[in-house]
């Protein structure tokens, strides 16, 4: 059996012995790791071909909750034109952000972690391990200098990349101390320098929703804050039990945490003698839930499960009822919008009703493989609006109407405006994009699919039966 085996027919698999299966899957893994290493080389080459130009800013990552951006690779790595990454991402079938990470990791490894890069290309370190190290060295705070990154590179390469997340964090902390990258007084540092990498965080994993409609919360707190929170949850759980709750202790503690969040806005007023009935609503959130419904006589009957517009997540009807029945929850019912209606206005600005219709139709940014929620996107005129058309007596080529509007996140809106990326709406909610290199993609409510690429010059495409 060939070591470069890449495809097996079903019949061939059934004829393999146990030893042959192990041999084949080992060969597949070797091929997979070799391909991942080669992909890093190609990503770095793509970056080399696209340095920043006058119309292209350098690519960077937006930092959530901050006003600054981080470069896609560390100090000493070359800059990359931001818009070139969209083409790479669509060819790979991933988002532009994922393409940024791939290129950033490739440049970080090649320019700042050369030992690890060499081991990856030699097949001694899997690409995924090397990329995990690069991800840390790119985004460490404070930023690692080239010398500091070289120190990390030497330590990680010495163990052939076999370093876990905790070990890597401690290595980076030691590097920061060794290279005096943070102004820390050793007398105030009882943990030998490791404390100036602040581990505190509170993260809601809203991309990982359980089928029961729950999310996971992960946090690293100051000791005093953690003990105070523990006591508050214990008190809240006990209060719920005293009020007759039959939930488990864990479930009551979870509910108590939600109660803390909802009442936080009223804490100051609660202690000032204000009438609780006149306190501001602690929860004011707009949720868009979609349920199948039918008529039973004059009553509307909803199905037991539906989906949240935000993240296309499963939601239970009982949960919606529970949220709405909370006495301190402000409920706003918005009118139903017919997604099939073609709404329009003679003005350039998009009215709220048309914007809402476009958001509900598109659900996300309509650029290939982009998953940014449409509610945070711009509403773009697919065919450009001509502000001088009315004054010059010409028909408007880009009217403000549903059939000429689409949701685009700010980055892909700028991409469409400033580059030769083009798209058109072939039917409501379905868009066909053409890249600067002639690659074509279809995006609809089911996702993105690549359309057959153009024929190379002088090479006719064979006819299909």
Worksheet item: Would you call residue 223 at pLDDT below 90 and out of contact with any strand residue (DSSP E or B) (no Cβ under 6 Å at 6 or more places or on another chain)?
Response: yes
Fill in: Residues being assigned to a strand (DSSP E or B) and exposed (fewer than 13 other Cβ atoms within 10 Å of the Cβ) - total across segment 429-457
3
Practice prompt. Mind telling me which of the residues 160, 148 ends up being under 14 Å from residue 113 (Cα atoms), outside the structural domain of residue 110 (by TED's automatic domain parsing) and at pLDDT below 90?
Written response: 160
Fill in: Filtered residues of segment 125-142 (kept if over 23 Å from the mean Cα position of the chain (by Cα) and surrounded by 16 or more Cβ atoms within 10 Å (Cβ to Cβ))
125, 126
Discussion item. Looking at segment 83-94 only, could you name the residues that are part of a loop (DSSP other than H, G, I, E, B) and surrounded by 21 or more Cβ atoms within 10 Å (Cβ to Cβ)?
Written reply: 83
Item to complete: Please verify whether segment 414-428 includes one or more residues that are within 21 Å of the chain's Cα centre (by Cα), surrounded by 17 or more Cβ atoms within 10 Å (Cβ to Cβ) and assigned by TED's automatic domain parsing to the domain that holds residue 383.
Response: yes
Fill in: Sole exception among (1) under 21 Å from residue 134 (Cα atoms); (2) modelled with pLDDT under 70 for residue 65, by number
(1)
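The values are calculated or read from the model by the stated rules, or taken from the named source; none is laboratory data. Everything quoted here is computed from the prediction, not taken from an experiment. Please note: Cβ atoms are built from the backbone with ideal geometry, for glycine as well, and neighbour counts cover all protein chains shown.
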